[in-house]
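Undergrad: So that we are looking at the same thing, I have put the structure below in structure tokens.
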Amino acid sequence: MLQHLGAGDAAIFIYMTHQNDGNAVALGKLPARRTAAGIDYNRAVLLLAILEKRAGMLLGAYDTYVNVVGGMELDEPAADLAAVVAIASSYLDKPVPNGMAAVGEVGLSGEIRSVSHMEQRLSEVKRLGFTQCIIPAHHAVDLRARSTLELLPVRNISEALRLLAQGK
């Protein structure tokens with residue numbers, strides 16, 4: 001399943017294939033393959049682990065390929081939420097709604113943390129043609145009055161995935 005989600009000037013593409021039944025070692029099969037291009041491999045694996053633990057997604061049985069298009073490198077935590085939503089989208093076979101972006105850092109407990117320069121980030125998201133953006137709830141009150149985007153505040157990945165399921 002191929003999914004993408006815009007994050008600033010970059011788009012994150014996720015391709016997942018079901019590789020085994022989750023008992024790779026016991027059955028003598030190879031463990032699921034993980035690759036990351038344009039995003040730190042260890043950060044991608046960490047986000048997969050957070051989704052498994054905090055959202056109950058059994059991603060260990062899937063090969064996962066994370067790619068940031070255009071040769072860009074995303075080296076800041078503000079792209080975490082976009083990657084998590086894109087991975088969940090692929091796993092759930094539920095496309096990210098057109099016009100949706102996401103900006104926020106994801107903590108180990110699944111909480112969505114604030115990031116710096118949110119106004120500038122949202123301005124860029126709007127300039128790129130997005131109409132709505134999932135953001136950390138901490139920013140919602142301050143930014144709602146100043147943004148022409150539909151802001152979708154979330155406190156944790158469960159709330160973000162609920163928005164995805166609702167097709168918001």
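Undergrad: Answer with yes or no whether Ala88 is in contact with a Cys (Cβ under 7 Å, 6 or more places away or on another chain), closer than 21 Å to Ile39 by Cα, in contact (Cβ under 8 Å) with a residue 24 or more places away in the chain and of a type outside the set (Lys, Arg).
TA: no
Undergrad: Being more than 26 Å from Val45 (Cα to Cα), exposed (fewer than 14 other Cβ atoms within 10 Å of the Cβ) and either hydroxyl-bearing (Ser, Thr, Tyr) or touching a Lys or Arg at 6+ places or on another chain (Cβ under 9 Å) (or both) is the filter here, so list the residues in region 95-135 that pass it.
TA: Of everything in region 95-135, just one residue is more than 26 Å from Val45 (Cα to Cα), exposed (fewer than 14 other Cβ atoms within 10 Å of the Cβ) and either hydroxyl-bearing (Ser, Thr, Tyr) or touching a Lys or Arg at 6+ places or on another chain (Cβ under 9 Å) (or both), namely Glu119.
Undergrad: Sticking with this structure for a sec: Which is hydroxyl-bearing (Ser, Thr, Tyr), under 19 Å from Leu48 (Cα atoms) and modelled with pLDDT of 95 or more, of Ser90, Ser109?
TA: Answer to the selection: Ser109.
Undergrad: On the basis of being out of contact with any Asp or Glu (no Cβ under 9 Å at 6 or more places or on another chain), more than 23 Å from Lys168 (Cβ to Cβ) and surrounded by fewer than 16 Cβ atoms within 10 Å (Cβ to Cβ), does Val68 make the cut?
TA: no
Undergrad: Under 7 Å by Cβ, and 6 or more places apart or on different chains, what pairs join a residue from region 98-123 that is over 14 Å from Ser147 (Cβ atoms) with one that is part of a strand (DSSP E or B) and among the small types (Gly, Ala, Ser)?
TA: Ala102/Ala7
Undergrad: Output the number of residues of region 85-100 satisfying the condition of being hydrophobic (A, V, I, L, M, F, W, C) and not in a helix (DSSP H, G or I).
TA: 2
Undergrad: Taking region 60-85 as the region of interest, how many residues are free of Cβ contacts under 8 Å to residues at least 40 places away in the same chain and of a type outside the set (Gly, Ala, Ser)?
TA: 5
Undergrad: So which residues in region 149-168 are assigned to a loop (DSSP other than H, G, I, E, B), modelled with pLDDT under 95 and either out of contact with any Lys or Arg (no Cβ under 6 Å at 6 or more places or on another chain) or aromatic (Phe, Trp, Tyr) (or both), if there are any at all?
TA: Listed by number, the residues that qualify are Gly167, Lys168.
The values are calculated or read from the model by the stated rules, or taken from the named source; none is laboratory data. If you're wondering where the values come from, they're calculated on a predicted model, not measured in any experiment. Here the Cβ is made from the backbone with ideal geometry for all residues, glycine too, and neighbour counts use every protein chain on show.
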